[in-house]
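Inspection log for the structure reproduced underneath, given as structure tokens.
The values are calculated or read from the model by the stated rules, or taken from the named source; none is laboratory data. Please read these numbers as outputs of a predicted model, since none were measured by experiment. When we count neighbours, we look across all protein chains shown, and the Cβ atoms used for this are built from the backbone with ideal geometry, even at glycine. These accessible areas exclude ligands, DNA and RNA; they are computed on the full protein's heavy atoms, side chains included. Shrake-Rupley method; radii C 1.70, N 1.55, O 1.52, S 1.80 Å.
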Amino acid sequence: MRTDDRATAFDRATFTAAAESIADVVHRTPVEESTTLGRVVGSPVYLKAENLQRTGSFKIRGAYVRMSRLSGEEKTRGVVAASAGNHAQGVALAAQLLGISAKIFMPVDAALPKIAATRQYGAEVVLVGQNLNGALAAAAAEVSESGRVLIHPYDHADIVAGQGTIGLEILEQVPDVRTVIVPTGGGGLLAGVAAAVHSVDPTIDVVGVQAAAAAAYPPSLAEGHPRLLEDLHTMADGIAVGMPGEVPFRLVAEHVREVRTVSEEQLSRAVLHVVERAKLVVEPSGAAGVAALLAEPGAFAGPVVVVLSGGNVDPLVLLRIIRHGMSAAGRYLQMRVLVQDAPGSLAGLLKELATSGGNVVSVEHTRTSAGLAVDEVEISVELETKGPEHCQSVLENLRESGYTILAP
């Protein structure tokens with residue numbers, strides 16, 4: 001931990017100063033009430049839409065605070081950063097606004113729209129490594145070689161202070177808030193929001209949420225120090241961070257009630273829910289808080305504010321996530337049906353499905369298989385339904401009509 005980071009008080013004045021420094025740079029993002037989630041929870045629920053922020057995520061806040069405070073000599077040297085995408089765009093835009101040269105290292109499988117947007121803001125992009133840890137290592141090497149200043153995605157006091165400005169906005173927009181739920185990767189956003197909120201009202205609960213397949217905070221908090229998690233497998237690339245930062249970790253340990261985890265199915269259902277009901281596009285990491293709320297709504301005292309941390313998602317990935325979410329919600333049925341190899345058999349099956357109210361997405365014929373008789377055909381069907389009960393109704397109707405279902 002750096003000396004200046006230890007000395008930072010993280011009091012209300014710290015976050016107020018950060019808010020003043022970015023007042024003309026960032027959007028004061030809206031807070032939208034979700035009546036649907038409110039009915040689930042039993043108290044008011046609000047969505048803090050940082051997915052509508054400049055660059056599509058909260059990252060511009062911390063990046064601009066950090067970079068605006070560099071000395072003239074440091075600005076001349078330029079900056080370097082590592083990111084899966086959102087921090088990259090925040091640093092690139094901040095560099096553009098401040099007239100600073102920026103070089104960004106991103107994982108080789110980073111989302112294409114995030115790579116393109118980072119380059120459009122004027123930064124040099126280098127693809128390296130399979131995850132954020134590899135990109136961070138490359139960025140650290142660049143610092144040694146070129147003398148550029150590292151703009152860490154979460155482990156610096158100025159980054160935390162910048163992200164914490166969201167907490168001050170939440171208090172102004174929802175004065176009676178009792179719980180704030182925050183997607184969590186390295187912890188800069190969670191630490192900043194928690195410390196900022198508690199600088200005004202320490203009785204408010206702040207809860208972090210991580211993807212279960214990339215959750216470094218629960219074991220780190222249990223052991224009392226940041227712990228490296230090497231195996232990360234999640235669609236939520238924005239919060240897939242292998243190790244908590246030292247600066248945010250101590251704030252999280254002090255101010256955060258708990259850090260929860262959510263599954264990939266819960267993440268995809270949350271993305272679908274926000275798109276359908278809130279009419280907002282979010283990436284899986286941005287929907288982590290909603291996933292936690294839907295998973296256990298009774299665990300949070302209301303009113304609740306959920307931070308939607310980002311909306312930068314590849315449209316093709318979004319399509320897959322929505323289909324995954326529909327399947328997890330019981331609204332997407334895949335099955336194999338055995339029929340006679342005779343004219344009209346497929347038409348009869350489709351008519352039966354139409355009568356049941358299902359919407360056929362795709363159909364595939366299989367005539368040649370070791371398990372099929374000469375006069376049999378296997379038809380694979382993908383179907384949109386209205387929910388789990390409708391799925392069961394479709395299957396029951398088919399069985400009653402004499403169809404053999406091989407795999408629902």
In the range 110-159, which residue that is out of contact with any Phe, Trp or Tyr (no Cβ under 9 Å at 6 or more places or on another chain) and β-branched (Val, Ile, Thr) is nearest to ALA18 (Cα to Cα)? ILE159
Report the residue count in the range 324-353 for those that are in contact (Cβ under 8 Å) with a residue 12 or more places away in the chain and within 14 Å of ILE379 (Cα to Cα). 16
Determine whether the range 52-74 contains at least one residue that is within 23 Å of ASP201 (Cβ to Cβ), open to solvent by 30 Å² or more (accessible area, probe 1.4 Å) and not charged (D, E, K, R). no
Which residues, taken from the range 17-51, are at pLDDT 95 or above, among the hydrophobic types (A, V, I, L, M, F, W, C) and touching a Gly at 6+ places or on another chain (Cβ under 7 Å)? ALA18, ILE22, VAL45
For the range 114-136, name all the residues that are over 22 Å from ARG54 (Cα atoms), free of Cβ contacts under 8 Å to residues at least 40 places away in the same chain and not in a loop (DSSP other than H, G, I, E, B). VAL126, LEU127, GLY134
Filter the range 15-25 down to the residues that are touching a residue at least 40 places away in the same chain (Cβ under 8 Å) and either open to solvent by 30 Å² or more (accessible area, probe 1.4 Å) or in contact with a Phe, Trp or Tyr (Cβ under 7 Å, 6 or more places away or on another chain) (or both) and list them by number. THR16, ALA17, ALA19, SER21, ILE22, VAL25
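Does ALA95 fit the bill of being at pLDDT below 95 and either assigned to a loop (DSSP other than H, G, I, E, B) or touching a strand residue (DSSP E or B) at 6+ places or on another chain (Cβ under 6 Å) (or both)? Walk me through it before giving the result.
Details: at pLDDT below 95: no; either assigned to a loop (DSSP other than H, G, I, E, B) or touching a strand residue (DSSP E or B) at 6+ places or on another chain (Cβ under 6 Å) (or both): yes.
Answer is no for this residue.
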If we ask which residues in the range 201-215 are open to solvent by 10 Å² or more (accessible area, probe 1.4 Å), among the hydrophobic types (A, V, I, L, M, F, W, C) and part of a loop (DSSP other than H, G, I, E, B), their number turns out to be 1
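Taking the options VAL307, VAL313, VAL339, name whichever one is in a strand (DSSP E or B), buried (at least 23 other Cβ atoms within 10 Å of the Cβ) and not aromatic (Phe, Trp, Tyr).
Answer to the check: VAL307.
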Are there any pairs with C-beta distances below 6 angstrom linking a residue in the range 371-397 that is open to solvent by 10 Å² or more (accessible area, probe 1.4 Å) to a residue that is part of a helix (DSSP H, G or I) and hydrophobic (A, V, I, L, M, F, W, C), with the two at least 6 apart or on different chains, and if so which? THR385/CYS391
If you check ALA9 against the conditions, is it out of contact with any helix residue (DSSP H, G or I) (no Cβ under 8 Å at 6 or more places or on another chain), closer than 26 Å to THR179 by Cβ and at pLDDT below 95? yes
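Filter the range 169-200 for residues that are outside any helix (DSSP H, G or I) and either among the small types (Gly, Ala, Ser) or touching a Ser or Thr at 6+ places or on another chain (Cβ under 7 Å) (or both) and give the result.
PRO183, GLY185, GLY186, GLY187, SER199
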Taking the range 261-273 and keeping only residues that are buried (at least 24 other Cβ atoms within 10 Å of the Cβ) and touching a strand residue (DSSP E or B) at 6+ places or on another chain (Cβ under 7 Å), one is left with VAL262, LEU267
Checked against (1) modelled with pLDDT of 80 or more; (2) over 33 Å from the mean Cα position of the chain (by Cα); (3) open to solvent by 60 Å² or more (accessible area, probe 1.4 Å), SER356 satisfies every condition except (3)
